[in-house]
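The values are calculated or read from the model by the stated rules, or taken from the named source; none is laboratory data. It should be emphasised that the depicted structure is a prediction, and the values quoted were computed from it without experimental measurement. Here Cβ is always computed from backbone atoms with ideal geometry, including for glycine, and neighbour counts include all displayed protein chains.
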């Protein structure tokens with residue numbers, strides 16, 4: 001195979017497709033949708049209508065996925081679940097403090 005064909009194939013493999021790029025965007029944006037709950041708990045100093053069991057489970061599940069992503073080196077999952085785990089753990093702690 002001529003050298004220029006190998007170079008062209010290499011460039012195609014290195015380019016990220018639109019779905020690949022969307023996965024990275026979603027990995028970053030999805031955890032941000034949990035921020036309003038976190039902000040509410042800390043700004044109002046109240047966890048009156050927030051379930052400690054639910055948020056504890058969310059953090060545990062995200063931690064499990066985070067370990068999986070690290071072990072298998074899956075970058076989009078690593079980004080997403082590191083963010084989810086952080087937001088959920090901080091929310092969980094806030095619920096414990098303000099319940």
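Could you tell me which residue of the stretch 9-19 is surrounded by the most Cβ atoms within 10 Å (Cβ to Cβ), considering only residues that are assigned to a helix (DSSP H, G or I) and modelled with pLDDT under 90? Show your work before the answer.
Initial filter on the stretch 9-19 (assigned to a helix (DSSP H, G or I)): 9-14, 18-19.
This time we only want the ones that are modelled with pLDDT under 90, so: 9-14.
Working: 9: 11, 10: 9, 11: 9, 12: 8, 13: 7, 14: 7.
The selected residue is 9.
Can you name every residue in the stretch 31-55 that is exposed (fewer than 14 other Cβ atoms within 10 Å of the Cβ), within 17 Å of the chain's Cα centre (by Cα) and in contact (Cβ under 8 Å) with a residue 40 or more places away in the chain? 32, 35, listed by residue number.
Within the group 25, 39, which residue is within 13 Å of residue 90 (Cβ to Cβ), out of contact with any helix residue (DSSP H, G or I) (no Cβ under 7 Å at 6 or more places or on another chain) and in a helix (DSSP H, G or I)?
On the way: 25 fails: within 13 Å of residue 90 (Cβ to Cβ).
Just one listed residue meets the conditions, 39.
Restricting to the stretch 56-91, name every residue that is crowded, with 16+ Cβ neighbours inside 10 Å and more than 26 Å from residue 24 (Cβ to Cβ). Selection gives 56 alone.
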